[in-house]
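Rule-based calculations on the coordinates, nothing more; no lab input. Predicted model, so just to flag it, every value in this text is computed and none were measured. In this analysis, Cβ positions are derived from the backbone assuming ideal geometry, glycine residues included, and neighbour counts consider all displayed protein chains.
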Amino acid sequence: MTSKTLKNLRPMGGALTDMHIAHGVFVAEAPQGAEVVDCGGRIVIPGMVEAHTHLDKSLLGLPWYRNEVGPRLIDKIDNEREVKVSLGLDPQVQSERHAILAMSHGCTHIRSHVDVDTHHGLAGIEGVMATREKLAGMVDIEIVAFPQSGLMTRPGTAELMDEALALGADLVGGIDPCGMEHDPKGHLDTVFALAEKHGKPVDIHLHERDALGWFSMEEIIDRTVALGMQGKVSISHAFCLGAVDRAYVAGLQEKLAENRIHILTTAPSSAPVPLVKELKALGILTGAGCDGIRDTWGPFGNSDMLEKAKVIAMRNNLRRDDEVELALDICTYGGAAVMGVEGYGLTPGCRADCVLVEGETLAEAVVTHAPRWLALKGGSVIARDGACVIEAP
Ligand SMILES: [Zn+2]
């Protein structure tokens with residue numbers, strides 16, 4: 001039933017009020033015959049947005065994976081490609097388990113990078129597309145065709161990316177044009193040519209640090225300008241924006257703002273991270289994600305974007321309430337803006353995607369990653385008391 005009156009709730013931790021839902025959308029007046037739900041004074045926030053994850057590769061539901069992977073990026077990439085085979089990982093099952101876990105925490109929108117490589121072909125894309133279809137109406141899933149194992153270093157991958165985009169992937173992915181591919185021109189020209197051919201946006205993993213990352217970022221900006229793709233390019237991780245040389249970074253951030261290039265942070269413990277207050281001050285749209293969770297890369301992560309907001313706050317040394325609220329904003333409105341979600345928010349006319357959380361204030365909800373009481377998608381309940389209404393396979 002998608003017509004509801006939610007009584008006694010506090011939008012964004014503010015004053016007590018009632019909210020109304022008709023036909024899956026927030027409305028100003030109580031619809032006739034609506035189901036009445038007493039929310040007991042809880043806080044309501046919009047549905048949480050997981051804007052950078054990898055649905056195809058978590059090991060959720062499988063026996064504990066003993067991680068003995070090497071220290072380099074390429075060690076993790078090579079190891080994963082092999083373990084997927086030895087474990088017989090099914091991207092459909094794993095992505096469904098992962099998405100249901102995210103939904104249980106009140107996530108209503110997900111952007112997932114999905115591996116495309118010459119070993120596994122389009123199995124990941126097909127698996128996540130099947131999950132997207134199965135969970136349609138309960139969570140929105142955006143798919144990035146992601147050349148995790150390399151584009152230039154693995155001939156045949158560009159053709160597979162092309163197929164993935166024709167099949168239904170929503171964005172073109174990329175990865176470390178210099179550090180991994182050793183061919184920034186080749187890599188970025190291929191990524192942007194695919195984007196142009198399919199008329200789809202770009203989201204590039206950029207782990208490269210300091211001057212190497214700045215160089216790649218300049219190359220990304222140049223291509224964004226050349227193709228008129230302002231507003232359609234995201235850079236994930238962007239560790240080079242967390243560099244010590246703030247003067248150089250300031251100039252680069254101005255260019256990112258000017259060309260409406262978005263940043264997605266995962267705020268990991270392993271690298272410098274973009275400074276979200278600086279990005280906010282420049283008007284750079286910033287979202288966040290948990291990245292891979294419980295996979296061959298590492299054992300951590302739970303797809304809880306409220307907990308991720310806390311991590312972002314801690315990694316950015318955010319202490320004041322308004323600063324902690326910024327971290328939450330990144331995990332809700334910020335991610336939605338980066339993904340171009342229409343009708344996102346709590347005002348009349350917006351899709352009734354929301355989460356009711358315990359707690360006195362927004363900052364407290366972030367700090368304690370407060371229990372989720374109810375999560376709605378289009379006015380329908382998707383999770384209660386931290387459990388999704390459907391069971392994972
Ligand atoms: Zn990633």
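Taking amide hydrogens as placed 1.01 Å from N in the peptide plane, the amide H of Ser149 sits under 5 Å from those of Val116, each at least 5 positions away in sequence or on another chain.
Of all DSSP beta bridges in the chain, what percent run antiparallel (nearest 5)?
Working: 23 of 59 bridges.
Around 40 percent antiparallel, to the nearest 5.
Applying the Karplus relation 6.51 cos²θ - 1.76 cosθ + 1.60 with θ = phi - 60° to the range 250-265 yields 3J(HN,Hα) values of 4, x, 5, 5, 4, 5, 4, 5, 4, 9, 6, 8, 8, 10, 10, 9 Hz, where x marks Gly and Pro. Along the range 15-31 the Karplus relation, 6.51 cos²θ - 1.76 cosθ + 1.60 evaluated at θ = phi - 60°, assigns HN-Hα couplings of 5, 5, 7, 10, 10, 10, 10, 9, 6, x, 10, 5, 10, 7, 10, 5, x Hz to successive residues, with x for each Gly and Pro.
Arranged from fewest to most other beta-carbon atoms within 10 Å of their beta carbon, Lys255, Lys308 become Lys255, Lys308. Between the helical axis of 157-167 and the longest alpha-carbon principal axis of the chain there is an angle of about 30 degrees. Here the range 200-320 yields Rg over Rh of 0.96, to two decimals, using C-alpha coordinates and the Kirkwood radius. For the range 377-393, what does the Karplus curve 6.51 cos²θ - 1.76 cosθ + 1.60, with θ = phi - 60°, yield as ³J(HN,Hα) per residue in whole Hz, taken in order and with x for Gly and Pro? So the J values, rounded to whole Hz, are 10, x, x, 9, 6, 10, 8, 10, 6, x, 10, 5, 6, 10, 8, 6, x. Principal axis extents of the C-alpha atoms in the chain (largest first, rounded to whole Å): 60, 48, 40.
Axis angle, to the nearest 10 degrees, between helix 305-315 and the longest C-alpha principal axis of the chain: 60 degrees. Just tell me which lysines come within less than 30 Å, Cα to Cα, of Lys84; anything on the same chain fewer than 8 places away is out. Of all the lysines, those that pass the test against Lys84 - Cα under 30 Å, at least 8 places apart if same chain - are Lys57, Lys76, Lys134, Lys200, Lys308.
With 10 angstrom as the radius, rank Phe192, Phe146 by how many other C-beta atoms surround their C-beta, starting from the fewest.
Values: Phe192 23, Phe146 29.
Result, fewest neighbours first: Phe192, Phe146.
Against the chain, whose longest principal axis is taken from its Cα atoms, helix 123-134 shows a tilt of about 10°.
Kirkwood analysis of the range 267-345, using all unique Cα-Cα pairs, places the hydrodynamic radius at 13.2 Å. For the pair the range 9-72 / the range 261-339, the C-alpha centres are spaced 17 Å from each other.
Note on the chain: GNM, Cα springs under 10 Å; of Gly124, Gly156, Gly24, the largest mean-square fluctuation is that of Gly156. Between Glu258 and Lys134, the simple spin-label model (points 7 angstrom out along Cα→Cβ) gives 4.8 nm.
Order of Asp189, Asp117 from fewest to most other C-beta atoms within 10 Å?
Ascending number of Cβ neighbours within 10 Å: Asp189, Asp117.
Per-residue ellipticity at 222 nm computed for the chain from its helices equals -10500 deg cm²/dmol, with DSSP H segments shorter than 4 residues left out and the rest contributing -39,500 (n - 2.57).
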